[in-house]
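So the structure is just underneath, and the comments pick up after that.
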Amino acid sequence: MTMKERLQSLFRVDEEYRLASRLFLKALALIYLAAFVSLAPQISGLAGREGILPFHLYLDQALRDHGLLALLQIPVLFWLNASDAALEGAAWSGAALSILLFFGRWERGNLILLFLLYLSLYRAGQVFMNFQWDTLLLEAGLLAVFLQRAPTRLALLLYHWLLFRLRFMSGFFKLATGDPSWRHFTALDHYFETQPLPHAGAWFAHWLPEWLHRAGVGFTFFSELVVPFFIFLPRPFRLAAVAVTLAMQAMILATSNHNFFNLLTIALCLLLLDDKVLARLLPKGLRRRLHRKSPQTPLFGHRAALLGVAVVLVLSSLSGFYAFATGRHPPAPLEALRKGAQNFGVGVVYHVFPNMQTERQELIVEGSNDGKSWKPYRFRYKPQALDERPPFIVPHQPRLDWLMWFVPTQHPLQLYWFGEFMYSLERGSKPVLKLLAHNPFPDGPPRYLRVTAWRYRFTTPEERRKTGRWWHREYLGIFPMVPPRKP
């Protein structure tokens, strides 16, 4: 087969995945909807004019430092207007477009706009949006622009490459870091208790037998290091990859609050299921609604754009993997390509929980008007009250609560934004206070603020029977005059 014939074969429509591609677009629409609805009430407090990290100041600084080049380095829709109304309007517009996409209206245009809106909010949120599920959604959304027209072999292959990277890289870096918890199969002795936002299922999983924790680590390695290769093997292996990955995601959902991350991973698995499988699983009425008579043949411009995106995604992800795995920079052209792709949130490296925390350190923010009587600010979802049942909040992600988990590491980036958060409390910023469950000073900010650090652990079954508490805590000191959490 000549090179020309090979290229042509990549753009052939794979008729076996027509139902899968239509079903995936429906699932993607719902995930986009969850992401936008979750972010809309938060974005002003995170990045608005009176937010923790005002985005308009970030843009102004970038323009001063880089001139017009900043427009390419920060590809957002907010250059002319980064007001609270613009940020919130972008999020709510994304939610509305997600609903239209779900009902099959103006799909191609909606997919382009959804990508641009989420990309803009992703960059606007700065550290609050710097998560792997955000980039996973961006890359899945970008590829959907091409999948919508027709499930070509190349579009499907890029989705398979995305799922492979997510799963395999996560397993690879668990071993590459040399983390003792993963190496000695004890990671699950700590994970349920120390993860960012556990729900009640984590408490029960924490007290499962140790042998089951060891088996869970083994299953994690199998599902992340071996199973991803099944994606590129014949049909029985692909179906096995789906079964194992779905089982893994179901167990994570049963024990963790990871917003839409696991739901999007499940959605990506749909593109490994051919129409013969889905015809057995889906009700006849749903199959009829998903059915499209004949996918549109990709035009030259579509094929050229898809090929260009494929080259960028493959090269940037491989060069990123090389850089992370070896600690060396790839050749300058590849490094430039990788950084350019990352400006758009695509072609990134995935490394889910490469290091396992063995201790949970929680910060309690308090205020006082006399320096003697202190009242705590209450966050919406992060552990604080000892007798409060850890809530299940999937697919929502409370960005402030989640970032609080990183502050005890005392990394400079975390201390910077946390300092800005404390300053927001000091000046009584209304958008920031709305991110909290309770403001103990409704009439105005207090004269003094302090942060206390506590070691939290799950109560034992016996302790919970006696006290009704989910958590036990031990006072560590005034933050940051306490040892940093490691890792």
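The values are calculated or read from the model by the stated rules, or taken from the named source; none is laboratory data. As the structure is a computational prediction, the values presented were derived from the model and not from experiment. Positions of Cβ are backbone-derived with ideal geometry, glycine not excepted, and every protein chain shown enters the neighbour counts.
What are the residue pairs meeting all of these: first residue in region 1-19, first residue closer than 17 Å to L307 by Cα and surrounded by 18 or more Cβ atoms within 10 Å (Cβ to Cβ), second residue of a type in the set (G, A, S) and modelled with pLDDT of 85 or more, Cβ atoms under 7 Å, and 6 or more apart or on different chains?
Pairs found: V13/A150.
When region 250-263 is examined, which residues are found to be in contact (Cβ under 8 Å) with a residue 24 or more places away in the chain, in a helix (DSSP H, G or I) and either out of contact with any His (no Cβ under 8 Å at 6 or more places or on another chain) or not assigned by TED's automatic domain parsing to the domain that holds L136 (or both)? I'd like the intermediate steps shown before the answer.
To start, the set of residues in region 250-263 that are in contact (Cβ under 8 Å) with a residue 24 or more places away in the chain comprises 251, 253-263.
Now narrow it down to the ones that are in a helix (DSSP H, G or I): 251, 253-255, 261-263.
Residues satisfying the conditions are M251, L253, A254, F261, N262, L263.
Give me the pairs: first residue in region 230-245 and farther than 21 Å from G218 by Cα, second residue outside any loop (DSSP other than H, G, I, E, B), beta-carbon distance under 8 Å, and six or more apart or on different chains, which are they?
Every condition considered, the pairs that remain are F232/H160; F232/F164.
Out of all the residues in region 280-294, is one or more assigned by TED's automatic domain parsing to the domain that holds F168, farther than 27 Å from R165 by Cβ and among the polar types (S, T, N, Q)?
Initial filter on region 280-294 (assigned by TED's automatic domain parsing to the domain that holds F168): 280-294.
Those still in the list that are farther than 27 Å from R165 by Cβ too: 280, 282-294.
Remaining after also requiring among the polar types (S, T, N, Q): 294.
Yes, the conditions are met somewhere in region 280-294.
Can you find, within region 189-213, the residue that is surrounded by the fewest Cβ atoms within 10 Å (Cβ to Cβ) among those that are of a type in the set (G, A, S) and in contact with a helix residue (DSSP H, G or I) (Cβ under 8 Å, 6 or more places away or on another chain)?
Taking region 189-213 as the starting set, the residues that turn out to be of a type in the set (G, A, S) are 200-202, 205.
Subsequent filtering for residues that are in contact with a helix residue (DSSP H, G or I) (Cβ under 8 Å, 6 or more places away or on another chain) retains 201-202, 205.
Numbers: G201: 18, A202: 21, A205: 20.
Looking at residues that are of a type in the set (G, A, S) and in contact with a helix residue (DSSP H, G or I) (Cβ under 8 Å, 6 or more places away or on another chain), I get G201.
Within the set of pairs 6+ apart or on separate chains, which have a first residue in region 96-113 that is free of Cβ contacts under 8 Å to residues at least 12 places away in the same chain, a second that is among the polar types (S, T, N, Q), and C-beta atoms under 7 Å apart?
Matching pairs, first to second residue: L100/N110.
Quick check: anything in region 138-161 buried (at least 22 other Cβ atoms within 10 Å of the Cβ) and of a type in the set (K, R)?
No, because not a single residue in region 138-161 is buried (at least 22 other Cβ atoms within 10 Å of the Cβ) and of a type in the set (K, R).
Given the conditions (1) of a type outside the set (S, T, Y); (2) under 26 Å from P228 (Cβ atoms); (3) not in a loop (DSSP other than H, G, I, E, B), which single one is not true for R328?
The single condition R328 does not satisfy is (3).
Given (1) modelled with pLDDT under 95; (2) out of contact with any Phe, Trp or Tyr (no Cβ under 8 Å at 6 or more places or on another chain); (3) surrounded by 13 or more Cβ atoms within 10 Å (Cβ to Cβ), identify the lone condition not met by S294.
Failing condition for S294: (3).
Starting from residues that are part of a helix (DSSP H, G or I) and free of Cβ contacts under 8 Å to residues at least 60 places away in the same chain, keep the ones in region 165-192 and report whichever is nearest to V346 (Cα to Cα). Even if it seems obvious, please write down each step before you answer.
Taking region 165-192 first, the residues part of a helix (DSSP H, G or I) are 165-176, 180-183, 188-192.
Filter again for free of Cβ contacts under 8 Å to residues at least 60 places away in the same chain, leaving 171, 175, 180, 183, 188-189.
Working: G171: 20, L175: 24, P180: 31, R183: 30, L188: 30, D189: 33 Å.
Only one residue tops the list, namely G171.
Return the only residue of A247, A304, A267, A240 being part of a helix (DSSP H, G or I) and buried (at least 18 other Cβ atoms within 10 Å of the Cβ). Step through it out loud before you land on a result.
On the way: A247 fails: buried (at least 18 other Cβ atoms within 10 Å of the Cβ); A304 fails: buried (at least 18 other Cβ atoms within 10 Å of the Cβ); A240 fails: buried (at least 18 other Cβ atoms within 10 Å of the Cβ).
Answer to the selection: A267.
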